[in-house]
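Reviewing the structure listed below.
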Amino acid sequence: MKVVMAQKILRANQQVARENRERLASLTTINLISSPGAGKTTLLEKTIAALKNDFQMGVIEGDIYTTRDAERIAGQGVEVVQVNTSGLCHLDANMVSRALNEIDYEQLDLLFIENVGNLVCPAEFDLGEDYKVAVLSVAEGGDKPAKYPLVFQEAQVVVINKCDLLALSDFDLDTVTAEIKKIKPELKIFPVSAKTGEGLEAWYAWLRQVIREKKESAMR
Ligand SMILES: Nc1nc2c(ncn2[C@@H]2O[C@H](COP(=O)(O)OP(=O)(O)O)[C@@H](O)[C@H]2O)c(=O)[nH]1
Ligand SMILES: [Mg+2]
């Protein structure tokens with residue numbers, strides 16, 4: 001019975017995700033997924049500060065109970081909508097649909113969705129995004145891709161954050177990169193430190209590229 005229920009929920013989610021994708025046809029939407037504390041909000045703060053002169057950005061902040069991340073993002077001067085899941089461990093397409101009713105998304109170039117901190121559940125739910133970006137941090141240990149492969153299978157991009165801590169840990173960047181590629185060879189990987197800024201230029205360049213590509217395809 002449980003399996004049938006889960007399939008029904010996922011099928012219903014897929015339908016709403018398709019509707020979200022249609023609504024978001026003119027902008028780029030990025031769904032950020034990671035364990036709690038990997039650095040999603042810090043990466044967003046840095047990214048918004050770096051790109052806000054060139055692009056209109058908005059953020060949907062998923063959180064279980066608090067508004068702390070939304071307050072951090074609002075400090076960057078972009079439009080932010082908070083979604084509290086009241087205990088649920090992931091965002092679903094319905095929650096994003098309701099959040100879209102609260103944001104003037106048609107005037108945006110780039111919409112970030114910070115998912116609830118969890119490396120497992122969010123991977124199953126299509127929100128209508130263009131890209132899922134998995135954020136893995138050096139502090140979590142290099143075994144996480146092999147232990148939680150689904151999020152890496154579903155993602156198109158992996159940001160390996162907290163590279164400033166590499167020298168202090170046994171996280172081996174080459175080994176972990178190889179493990180990630182074993183799960184999905186075409187994944188793009190950006191080793192960065194959201195704290196020091198190391199590696200972020202390549203991440204920004206990728207964002208600029210996908211924003212341009214989406215606009216071109218929307219005009220066709
Ligand atoms: N050393 C280091 N700490 C970081 C980095 N990025 C984020 N942090 C810290 O990690 C903690 C969690 O970051 P946060 O952005 O809230 O993670 P989130 O839960 O994924 O949104 C905070 O104390 C950040 O200051 C980084 O690149 N290097
Ligand atoms: Mg956060």
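Classify the stretch 1-123: rounded, prolate or oblate, from the alpha-carbon gyration tensor (a ≥ b ≥ c, eigenvalue square roots; a/c under 1.5 rounded; otherwise prolate if a/b is larger than b/c)?
Verdict is oblate for the stretch 1-123.
Is the shape of the stretch 1-54 best called rounded, prolate or oblate, per the rule: a/c under 1.5 gives rounded, else a/b larger than b/c gives prolate, else oblate, with a ≥ b ≥ c the square roots of the Cα gyration tensor eigenvalues?
oblate
Take the stretch 136-220, compute every pairwise Cα distance, and split them into 10 Å bins from 0; I just need the percent in each bin.
Histogramming the stretch 136-220 at 10 Å steps yields 17, 44, 29, 9, 2 percent.
Semi-axes, largest first, in whole Å: what does sqrt of 5 times each Cα gyration tensor eigenvalue give for the stretch 2-219?
25, 21, 17
For the chain, with the dipole built from +1 on Lys and Arg beta-carbon atoms and -1 on Asp and Glu ones, taken about the Cα centre, which of Leu24, Ala12, Cys89 lies farthest toward the positive end?
Ala12
Per residue of the stretch 44-51, what does 6.51 cos²θ - 1.76 cosθ + 1.60 with θ = phi - 60° give for ³J(HN,Hα)? Whole Hz please, x for Gly and Pro, Karplus curve as stated.
So the J values, rounded to whole Hz, are 5, 4, 5, 5, 5, 4, 6, 10.
By average Cβ neighbour count within 10 Å, what is the ranking of 104-110, 209-215, 88-94 from highest down?
Packing proxy ranking, top to bottom: 88-94, 104-110, 209-215.
Output the relative contact order of the stretch 117-208, whole-number percent, from Cα pairs under 8 angstrom with separation of 6+ residues. Display every interim value, and only then the final one.
Working: 123 pairs, mean separation 25.7, N = 92.
Computed over the stretch 117-208, the figure is 28 percent.
Students often check this: by mean Cβ neighbours within 10 Å, which of 15-23, 28-36 ranks highest, and how do the rest follow?
28-36, 15-23
Place a +1 charge on the Cβ of each Lys and Arg in the stretch 2-219 and a -1 charge on the Cβ of each Asp and Glu, then give the dipole magnitude about the Cα centre in debye, rounded to the nearest 20.
It comes to approximately 440 debye.
With n ≥ 4 as the cut-off for DSSP H runs, can you work out [θ] at 222 nm for the chain, using -39500 (n - 2.57) per run divided by the number of residues, rounded to the nearest 500? Provide the component values of the computation, followed by the final result.
On the way: 8 runs with 90 residues, N = 220.
So the calculated ellipticity at 222 nm is -12500 deg cm²/dmol.
Straight-line reach only, C-alpha to C-alpha below 21 angstrom: list the lysines that Lys181 could link to, leaving out same-chain residues fewer than 8 apart.
Lys132, Lys144, Lys147, Lys162
Using only the Cα atoms of the stretch 58-116, build the gyration tensor, take square roots of its eigenvalues as a ≥ b ≥ c, and label the shape rounded, prolate or oblate: rounded if a/c is under 1.5, else prolate if a/b is larger than b/c, else oblate. Provide the component values of the computation, followed by the final result.
Values: a/c = 2.24, a/b = 1.26, b/c = 1.77.
Oblate is the answer for the stretch 58-116, as a/c is 1.5 or above yet b/c matches or exceeds a/b.
Considering Cα pairs under 8 angstrom that are at least six residues apart, work out the relative contact order of the chain and quote it in whole percent.
It rounds to 25 percent for the chain.
Since every read-out is calculated from the coordinates, none of them should be taken as a lab result. Not measured: the values here are computed from a predicted model. With ideal geometry, Cβ positions are generated from the backbone for all residues, glycine too; neighbour counts draw on all protein chains shown.
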